[in-house]
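Some notes on the structure that comes next.
The values are calculated or read from the model by the stated rules, or taken from the named source; none is laboratory data. What you see is a predicted model, and the numbers here were worked out from it, not measured in a lab. Cβ: placed from backbone, ideal geometry, glycine included. Neighbour counts: every protein chain shown. Note: accessible area is taken over every heavy atom of the protein model, side chains too, but ligands, DNA and RNA are not part of it. Shrake-Rupley method; radii C 1.70, N 1.55, O 1.52, S 1.80 Å.
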Amino acid sequence: MLKYIIKRLLMLIPVLIGVSIIVFVIMRVFSPDPAPIVLGQHATVEMANAWREVNGLNAPLHIQYFNFIKGVITGDLGHSYYTKTPVLEEIFARFPATIELAVSSILFASLFGIIIGAISAVKKNSVFDSAGMVTALIGVSMPIFWLGIILIIIFSGTLHILPSGGRADPLLQPATVTGFFLIDSLLTGNLQSFADTLVHLILPSCALGMYSMAIIARMTRSSMLETLEQDYIRTARAKGVTEGRVIRRHALRNALIPIVTVIGLQFGSLLGGAVLTETVFSWPGIGAYTVNCILKSDFPVVQGVVMLVAITFVIINLIVDVIYAFLDPRIKYSKKEA
Amino acid sequence: MNTVKRVFCVVLATVLLCLTFTACGSRQQSPTQASTDTLIFAQGAEPRGLDPALVDDGESSKVIVNIYEGLLKYAKDSTKLEPCLAESWDVSKDGLTYTFHLRKGVKFHDGTDFNAEAVKFNIERQMKGKATQDMSYADFVYGYVTKVEAVDEYTVVITLKDVCTPFLYNLAMSIAAPMVSPKALQDNNNNVNEHPVGTGPYKFVRWDKDQAVVLVRNDDYWGEKAKTKNVIFKIIKDNSARVVALNNGEVDMIDGIDATVVDQITKAGNVVDQPDGMNINYMAYNTTSPIFSKPENRKAFSQAINVPELVKSLYQGYASPADSILPSFVPGFAKDVKQVAYDPEAAKAALAKAGITSVHMITYSNPRPYNTATGQALAEAVQGYLSKVGVTCNIEVFDWTTYKQKIKAGDYDICFYGWTGDNGDPDNFMALLSDKDPTMNVARYDNPQYNELIAKGKATPEGPERDDIYAQLEKIQADQNPWLLVSHSKLLSAYSPKVQGYYYHVTGNVFLSGMSKNK
């Protein structure tokens, strides 16, 4: 297993090289010149030229790429053109927010998705099944930004029971330890802040997790239906195992492999695809920030974020593969099978 | 699952649910919102930074004016100049030397003294040679300065290379002009974007990226202390979410709204504020084109368009028709100047006589601060009026970046443009029509008499004589019609009725120190 993990981690290198070339070329070739954006309406041509020179943008593309890679290897991703803050600082000020939202969304999606899917499968063709699948259909077809606004209007604007956006009340925010507010508030023993963070997470998690929930519910239903037909389920029932146990221990567990794959993929896309949710809920994450930086041609930041998301994506997939082995002991990543 | 595990899960779930519902229940009165000690202003984008020399955007400047101060400041409801960190100033007869007498006993938030050396440090940091390329306003504000001397602890003498009365107005701007603690600049590698230290009524506490900037009252402030202890600038990017946050009582004030949400805001019992903005929205005739090189043709076109009606229908009351280039609160504004009156019959006759049947128009596709309805909507409205007098318009629409290139190329009869003022000086608006750069002077207007008056205005000290020069310039514009003036767009913001003393300055800044909040 360890060997397998090391091998997978080594495979990160070619992936990252590929990603870095793609993002580098796309930004340099298709983005407008950052100089006028950074320097503002009073900039002269000479000022813009001098600025490009200082920031190494007058050098040939391959030299610029080489400098960028040199920076990546030494851990220096440069400074944001627009705010002059180090890229790593800008990213780490926002990445925990994105992860916190993605994790809570995927928890919401997995919990409800699996429950809805399992009930639909067990009570196939019943009212529960139809209701579950209609919910899933609505989930996949509703645009996130629209759902977000509707949730805000209902729960915040009309019922006044949930906040309309933001990550926490500014004056209740916990002291920063890890950057994850839920963890930080527990570490500092600040329960009021913990509750406040939780409340702020509800609407954005529902909005963001709705699509994934629908996908997971459908996948669980079909996977469960297939498993429930298997011989070992009949055997278990014949042995007198209670129905609940049959469903939980025998059917669901065996149906989980494809579901976990879907959850892993969904989680990866939540990390990079939370742009709309972040904008609607004023969530201070990396998605909306990156879009803003793309519009401002802030090359160092965009390159940094894309590399980081690529690394995270690969690692999540690795974790998913490792989880397979725990779910199904027959799967072993050993030399013999490879 | 064994019993212990099961019990643990149930307990955990119950605790989480209880916490959530407790917090939900108290939502309407969260500690921050309920407190009269905290004012929350929600804006639509994150500040670029909090170092006045390194930013150029309105979102930064809203926060900056509460932390920093400059030598001069604007009056509450106009851009007239008032003393601030400089108690008084003298200008030499030749207009080249400015002597500022500084306020005594002022300290920066880090405890260091505000004095002549600090002023010298701040200006020299942005002068040619020392300024970095990304100090976008350094040249605009301090480009004329050749020397700064600290004569004694509280007297600064600034020498200019040429006479420039707008220089005083530059010193009241919220960008480049505010004074930063020299110690903070030295400690932070000449960049206090994230460590702002000024002399203003509020001190910086922290900046949670993409969430909020938190400030606290400066209890050692030299002037009247701020009425409310805490101030939070919250970043809410989505326009509808910002409106819900105000109506829900989560924030006290918002800006960046448009006419479509005004009803929603007032129905919830909140107040909409709409002063005229420091801007002008206009249509320019290309005075180098065969048609519009003749002033009589420009006049005939202007007569064909009913500006008040157009402004009313296009901006629904959130812009006022412009009778002069200068907004009414800018010094030099001339009340009695009137633009060409609507007279379609006269226009029709004149255009028929001149044999003009079609014109080539270019415009922009996006909304601009001075024209929220987009250049395209404005061009189409004008097209409608012109068709009534027998002129067809070929409109070409471009995105803003391409549009500016088209303007530079100059292949048009009519184009649409506008201007947002920088420093509240009349020269900042009026000099556009004498600028050599065709992307600034889009009418490509070149009138020696006008240019001469502009030079004179720049060199004449503040006062009635100078105001008269700008009145003359406005009259020339109204007679010669290089532009058809359309509107001054209003600055829309909204606030909760609990907020006392609300005001949104004409420069688009909010000064929170005079505001308070009722229970």
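Annotations
- The set of residues from segment A:263-288 being at the interface with chain B (Cβ under 9 Å from one of its Cβ atoms) and open to solvent by 20 Å² or more (accessible area, probe 1.4 Å) comprises just one member, A:THR279.
- Whichever residue in segment B:489-509 is touching a Phe, Trp or Tyr at 6+ places or on another chain (Cβ under 8 Å) and of a type outside the set (Phe, Trp, Tyr) and, among such residues, is farthest from B:ASN279 (Cα to Cα): B:SER493
- Looking across B:LYS234, B:LYS229, one residue alone is farther than 25 Å from B:VAL55 by Cα and within 13 Å of another protein chain (Cβ to nearest Cβ). It is B:LYS229.
- Within segment B:477-516, the set of residues being in contact with a Lys or Arg (Cβ under 8 Å, 6 or more places away or on another chain) and open to solvent by 40 Å² or more (accessible area, probe 1.4 Å) comprises B:GLN480, B:LYS498, B:GLN500, B:GLY501, B:TYR503.
- For segment A:56-99, a residue qualifies if it is surrounded by fewer than 14 Cβ atoms within 10 Å (Cβ to Cβ) and on the phi > 0 side of the Ramachandran plot, and the qualifying residues are A:GLY56, A:GLY75.
- In segment A:158-172, the qualifying residues are those that are more than 7 Å from every other protein chain (Cβ to nearest Cβ) and in a loop (DSSP other than H, G, I, E, B), and the one that is most open to solvent (accessible area, probe 1.4 Å) is A:LEU159.
- Of the residues A:ALA93, A:ALA97, the single one that is closer than 29 Å to A:SER297 by Cα, modelled with pLDDT under 90, within 11 Å of chain B (Cβ to nearest Cβ) and not in a loop (DSSP other than H, G, I, E, B) is A:ALA93.
- At least 3 residues being open to solvent by 20 Å² or more (accessible area, probe 1.4 Å) is the threshold, and among the helices (runs of 4 or more DSSP H) wholly inside segment B:367-476 those reaching it are B:375-388, B:400-409, B:448-459.
- Hits in segment B:26-56 - residues which are part of a helix (DSSP H, G or I) and modelled with pLDDT of 90 or more: none
- Cβ separations smaller than 9 Å between residues 6+ apart or across chains give the following pairs from segment A:34-56 residues that are more than 7 Å from every other protein chain (Cβ to nearest Cβ) and charged (D, E, K, R) to residues that are part of a helix (DSSP H, G or I) and open to solvent by less than 40 Å² (accessible area, probe 1.4 Å): A:ARG52/A:PRO34; A:ARG52/A:ALA35.
- Matching residues in segment B:272-291 - criterion: being of a type in the set (A, V, I, L, M) and over 23 Å from B:ALA377 (Cβ atoms): B:ILE291
- Those strands (runs of 3 or more DSSP E) lying entirely in segment B:57-148 with at least 3 residues within 27 Å of the chain's Cα centre (by Cα) and hydroxyl-bearing (Ser, Thr, Tyr): none
- Taking the listed residues A:ILE106, A:ILE152, the one that is within 14 Å of chain B (Cβ to nearest Cβ) and more than 29 Å from A:PRO34 (Cβ to Cβ) is A:ILE152, with no other qualifying.
- Positions within segment B:339-366 being part of a helix (DSSP H, G or I) and in contact (Cβ under 8 Å) with a residue 60 or more places away in the chain, in sequence order: B:ALA354
- Residue-level check: of (1) part of a strand (DSSP E or B); (2) within 11 Å of chain A (Cβ to nearest Cβ), B:LYS203 misses just (2).
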